[in-house]
Amino acid sequence: EMRRFYRNGQLKYICHFNKGKREGNLTMYYPNGSVWRLEEYDKGKLQDGHVYDVSGKEVTFYPSDRAVGFPGGTYGLRLFIREHLHYPQEAFEHNVEGQVLIRIVVDTKGRIEKYYVLPQGSDNLYLRKEAIRLVEEDFMKVEWEPAVQYGEFVRMGYVLPLNFKIPKPKTTIKN
């Protein structure tokens, strides 16, 4: 069993674990002692949940813990990148391929707060320039699903791997 408390000593969180995974009920409380959220787990997987406002009225549920998410999940992210990433002409002319890694920081509202080009990716100027353009012109307009820890929205980083592979020419079949 795990318990967390507010600074004033009031119980904030109680959860049961079995073999390191959440099991059974998780209950979170507001500082005034009223129930904030109830979740039920089976072998670490969320089965059901409810969230309440401070007056006790049920509101839209969101899980108590989740990482930053792109609308539409991984598939939506791949599709977005495929539609918005442009292969730089200069890189194509020099036969340059590679991966640029961008670390974004998503705020509690789901907006990109800042970003960094990570040194582990390609150091090719043309690829990096396109990766930055993609973030600044396209990703900045997207509302991400903010991360949640212990029921509260938090800022969290996310690494975007942007792969640049020279497009293959389209072949046509002639009859």
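What does the net charge come to around ARG103 if you take all other residues with beta carbon closer than 13 Å to its beta carbon, with K and R at +1 and D and E at -1?
Values: positive: LYS114, ARG155; negative: GLU113.
Overall, the nearby charge balance is +1.
Based on Cβ point charges of +1 for Lys and Arg and -1 for Asp and Glu, what charge dipole magnitude is obtained for the chain about its Cα centre, in debye rounded to the nearest 20?
Values: 27 positive and 23 negative charges, 61 e Å.
The calculation lands at about 300 debye.
Label-point separation (nm) for LYS19 and VAL159, each offset 7 Å from Cα along Cα-to-Cβ?
3.0
Got the relative contact order for the chain handy, in percent, Cα pairs under 8 Å and 6 or more residues apart?
On the way: 322 pairs, mean separation 31.6, N = 175.
Contact order relative to length: 18 percent.
Is any residue of segment 113-157 close enough, with backbone N under 12 Å, to a label point placed 7 angstrom from the Cα of GLN99 along the Cα-Cβ axis, and if so, which?
120-122
Taking R0 as 41 Å, what's the FRET efficiency between GLN120 and LYS141 from their Cβ-Cβ distance, rounded to 0.05? Provide the component values of the computation, followed by the final result.
Values: r = 26 Å, r/R0 = 0.64.
Computed FRET efficiency for GLN120 and LYS141: 0.95.
Heavy atoms of the protein only, probe of 1.4 Å, neighbouring chains included. What is the accessible area of GLU143 in Å², nearest 10?
Counting only protein heavy atoms, the figure is 110 Å².
What percent of all Cα-Cα pairs in segment 1-89 falls in each 5 Å bin, counting up from 0?
Over segment 1-89, the share of Cα pairs per 5 Å bin runs 3, 12, 16, 16, 15, 12, 7, 6, 5, 4, 2, 1, 0 percent.
How much accessible surface does THR108 have with a 1.4 Å probe, in Å² rounded to 10?
Spelled out: THR108, probe radius 1.4 Å, area about 60 Å².
The values are calculated or read from the model by the stated rules, or taken from the named source; none is laboratory data. No experiment lies behind these values; they were computed from the predicted model shown. Methodologically, a virtual Cβ is constructed for each residue, glycine included, from the backbone with ideal geometry; neighbour enumeration extends over all protein chains shown. Note: areas computed on protein heavy atoms with side chains; ligands, DNA, RNA excluded. Shrake-Rupley method; radii C 1.70, N 1.55, O 1.52, S 1.80 Å.
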